[in-house]
Amino acid sequence: METDSETSINLMSKEGDAFTVPANVAKMSELVKSMIDEEEDDDSTPEIPLPNVKATVLKKVIEFCTHYSTEPMDEIEKPLKSSTMKQVVQEWYAEYV
């Protein structure tokens, strides 16, 4: 049996662009997770239509989730110790914003 990191899911943007991502990354979205049919045949790659999400936005979300799956963001201390993002979160997350 394949694990979520080995299984792929196709996310379809509003424009019809397909983005193939590992299932563990796709399932970070509660919406996508709820749409995945757990009973689906293991040999097929599920397609999840996201008609309200533009391709440019979906690409950024996938980039974030992919990075987060390998390097989770540290919890942000409150109150903020600085107004400079690089002093509050890891460098990648500061640059992403």
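The values are calculated or read from the model by the stated rules, or taken from the named source; none is laboratory data. Every value quoted in this text rests on a predicted model; they were computed, and no experiment measured them. Cβ atoms come from the backbone with ideal geometry, glycine included; neighbour counts cover every protein chain shown. Please note that ligands, DNA and RNA were not included when accessible areas were found on the heavy atoms of the full protein model with its side chains. Shrake-Rupley method; radii C 1.70, N 1.55, O 1.52, S 1.80 Å.
Pairs, please: C-beta under 6 Å, at least 6 apart or cross-chain, first residue touching a residue at least 12 places away in the same chain (Cβ under 8 Å) and in region 53-64, second among the polar types (S, T, N, Q)?
Val53/Ser13; Ala55/Ser13; Leu58/Ser13
Which ones in region 13-22 are open to solvent by 40 Å² or more (accessible area, probe 1.4 Å) and either modelled with pLDDT under 95 or not aromatic (Phe, Trp, Tyr) (or both)? Don't jump to the end; show me each part of the working.
Of all residues in region 13-22, those open to solvent by 40 Å² or more (accessible area, probe 1.4 Å) come to 14-20, 22.
Scanning region 13-22 gives Lys14, Glu15, Gly16, Asp17, Ala18, Thr20, Pro22.
Give the residue that is surrounded by the most Cβ atoms within 10 Å (Cβ to Cβ), with candidates limited to residues of region 37-51 that are in contact with a strand residue (DSSP E or B) (Cβ under 7 Å, 6 or more places away or on another chain) and modelled with pLDDT under 90.
Taking region 37-51 first, the residues in contact with a strand residue (DSSP E or B) (Cβ under 7 Å, 6 or more places away or on another chain) are 45-50.
Subsequent filtering for residues that are modelled with pLDDT under 90 retains 45-46.
Details: Thr45: 12, Pro46: 17.
Here the residue is Pro46.
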